[in-house]
1. Where the second residue is at pLDDT below 95 and of a type in the set (S, T, Y) and the first is within 12 Å of W14 (Cβ to Cβ) and lies in segment 28-48, which pairs have Cβ atoms under 6 Å and are six or more apart or on separate chains?
2. Suppose we keep only residues that are polar (S, T, N, Q), out of contact with any strand residue (DSSP E or B) (no Cβ under 7 Å at 6 or more places or on another chain) and modelled with pLDDT of 60 or more within segment 1-57. Which one would you say is surrounded by the most Cβ atoms within 10 Å (Cβ to Cβ)?
3. Within segment 137-174, restricting attention to residues that are touching a residue at least 40 places away in the same chain (Cβ under 8 Å) and within 29 Å of the chain's Cα centre (by Cα), which residue is most open to solvent (accessible area, probe 1.4 Å)?
Amino acid sequence: MSAIPSEGSFVTLWSGESASTHIELLESLESAGIPFSDKSLGDDEVAPTADPLPIDWKPRFGFEVAVSTADLVPAKEILEKILDREPVNTEIPAQPLGAGPLAGMPPVADGSATLQVWSGTDEKMAQFLMSALQENHIPAHYDTTTLQWVILVDPANEARAREIIHEVTDATPPA
């Protein structure tokens with residue numbers, strides 16, 4: 001919070017839930033030398049009421065920034081500049097269809113993954129094991145010719161692959 005002058009009254013300049021807008025506003029006001037009061041909303045709550053739809057709606061989370069009436073005009077100019085900017089895209093891009101935990105697996109070169117290191121009927125366990133192998137840079141693939149999930153690896157990676165599978169399936173730490 002910036003130094004609050006003892007004269008004049010404070011008025012709310014901005015309130016909202018955007019943490020990025022809140023931080024940018026505080027930094028801009030501080031760099032302009034405008035004193036402000038910063039309050040987090042929702043910190044003062046006591047026990048929630050029994051009424052799930054209270055008449056006087058109040059946000060449960062957010063921020064409120066107030067400035068002195070003497071600094072309201074320059075503070076509003078700063079706020080307008082911030083609000084006029086395009087919002088930064090912080091959204092995580094959607095994965096294309098079919099992009100599951102196995103989509104990023106590097107293809108096994110020349111079909112050398114011929115050694116079975118695990119088989120079972122649990123699809124989630126098979127996906128987890130494939131992810132664990134991928135994380136350790138061990139190329140593997142499924143054998144889909146059977147009714148079970150069969151994970152095949154290159155014979156050169158057999159020892160490490162079996163160790164990883166043992167750690168996961170038996171919940172044992174690495175040796």
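1. From residues that are within 12 Å of W14 (Cβ to Cβ), the pairs are F36/S2.
2. First, pick out the residues of segment 1-57 that are polar (S, T, N, Q): 2, 6, 9, 12, 15, 18, 20-21, 28, 31, 37, 40, 49.
Next cut, out of contact with any strand residue (DSSP E or B) (no Cβ under 7 Å at 6 or more places or on another chain) only: 6, 9, 18, 20-21, 28, 31, 49.
If we keep only those that are modelled with pLDDT of 60 or more too, we end up with 9, 18, 20-21, 28, 31.
Numbers: S9: 8, S18: 15, S20: 11, T21: 18, S28: 16, S31: 9.
So the residue we want is T21.
3. Applying the filter and picking the extreme gives T169.
The values are calculated or read from the model by the stated rules, or taken from the named source; none is laboratory data. As the structure is a computational prediction, the values presented were derived from the model and not from experiment. Glycine gets a Cβ as well: all are built from the backbone with ideal geometry, and neighbour counts include every protein chain shown. Areas reflect the complete protein model, heavy atoms only, side chains present, ligands, DNA and RNA absent. Shrake-Rupley method; radii C 1.70, N 1.55, O 1.52, S 1.80 Å.
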